[in-house]
1. Is it true that Asn3 is within 24 Å of Gly59 (Cβ to Cβ), open to solvent by 20 Å² or more (accessible area, probe 1.4 Å), in contact with a Pro (Cβ under 7 Å, 6 or more places away or on another chain) and not hydrophobic (A, V, I, L, M, F, W, C)?
2. Quick check on my filter: what residues within region 96-106 are over 18 Å from Thr41 (Cα atoms) and surrounded by fewer than 18 Cβ atoms within 10 Å (Cβ to Cβ)?
3. Identify, from the list Leu114, Leu143, the residue that is outside any helix (DSSP H, G or I), open to solvent by 80 Å² or more (accessible area, probe 1.4 Å) and of a type outside the set (Ser, Thr, Tyr).
4. Write out, first by first residue and then by second, each pair whose Cβ atoms fall under 7 Å of each other, whose residues are 6+ apart or on separate chains, and whose first residue, in region 52-66, is closer than 15 Å to Asp99 by Cα while the second is in a helix (DSSP H, G or I).
5. Being more than 9 Å from the chain's Cα centre (by Cα) and open to solvent by less than 10 Å² (accessible area, probe 1.4 Å) is the filter; apply it to region 161-177 and report the residue that is modelled with the highest pLDDT.
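The values are calculated or read from the model by the stated rules, or taken from the named source; none is laboratory data. Please read all numbers here as calculations on a predicted model, not as lab measurements. Virtual Cβ from ideal backbone geometry, glycine too; neighbours counted across all protein chains shown. Note: accessible area is taken over every heavy atom of the protein model, side chains too, but ligands, DNA and RNA are not part of it. Shrake-Rupley method; radii C 1.70, N 1.55, O 1.52, S 1.80 Å.
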Amino acid sequence: MLNNGYIFNADGRQYTIIEQLGRGANTVAYLAKCSHGKLVTKCILKEYAPHNIDEIKVGKARFITSGMMQNDIRNKSVLNNQTPPVSHVFEANGTAYIDVACYNGTTLDSLDSLTLPQYIAICETISKTVGYYHKSGYLCLDLKPENIFIMQNAPDDMITQLVEFIDFDSIHDVNNGGNT
């Protein structure tokens, strides 16, 4: 796990950890500053950091594959807005990372003041998005509020028609082991 202010370089990019955003079973998500030449942006940096280190090689390979698969999923036109764009998948510090574009918004579990019409609109969007994934040959195996990102124009202005699934490792290709 990386501390706030930690700086490291990988493949011509410099990452500075701003803050930890959350921890899942096998990953830690950070808000980071990414410098690539003169371009400086913020990104979500996902680090492969499993609790169980016994299966680290297999898990790391799956993590890297899931990051690369996200751009393949985005290339399917109907899933362009529902899949966060992955900027860079790389290994450093003895583990793997996925650099994802950073947008304004929050996870569904962090929204505690939704009106009933807003909640229904978000649930309708989630069900349509799951349907798009299924029609494209993918399964969403870990749908829960903390894995669903709701876009926002401003802190009080949700875009209820646009959600993203942010747990890359839980999206599986039906034709490539998705039925396990």
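1. Details: within 24 Å of Gly59 (Cβ to Cβ): yes; open to solvent by 20 Å² or more (accessible area, probe 1.4 Å): yes; in contact with a Pro (Cβ under 7 Å, 6 or more places away or on another chain): no; not hydrophobic (A, V, I, L, M, F, W, C): yes.
Judged against the criteria, Asn3 is not a match.
2. Applying the first criterion (over 18 Å from Thr41 (Cα atoms)) to region 96-106 yields 96, 106.
The answer is Thr106, and nothing else.
3. Numbers: Leu114 fails: open to solvent by 80 Å² or more (accessible area, probe 1.4 Å).
After ruling out the rest, the residue left standing is Leu143.
4. Phe63/Asp169; Ser66/Phe168; Ser66/Asp169
5. Residue satisfying both the conditions and the ranking: Ile171.
To keep it simple, each residue is scored yes or no on (1) of a type in the set (A, V, I, L, M, F, W, C); (2) over 19 Å from the mean Cα position of the chain (by Cα).
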{"site": "Tyr97", "(1), (2)": "no, no"}
{"site": "Gly105", "(1), (2)": "no, no"}
{"site": "Gln118", "(1), (2)": "no, yes"}
{"site": "Ile126", "(1), (2)": "yes, no"}
{"site": "Thr129", "(1), (2)": "no, no"}
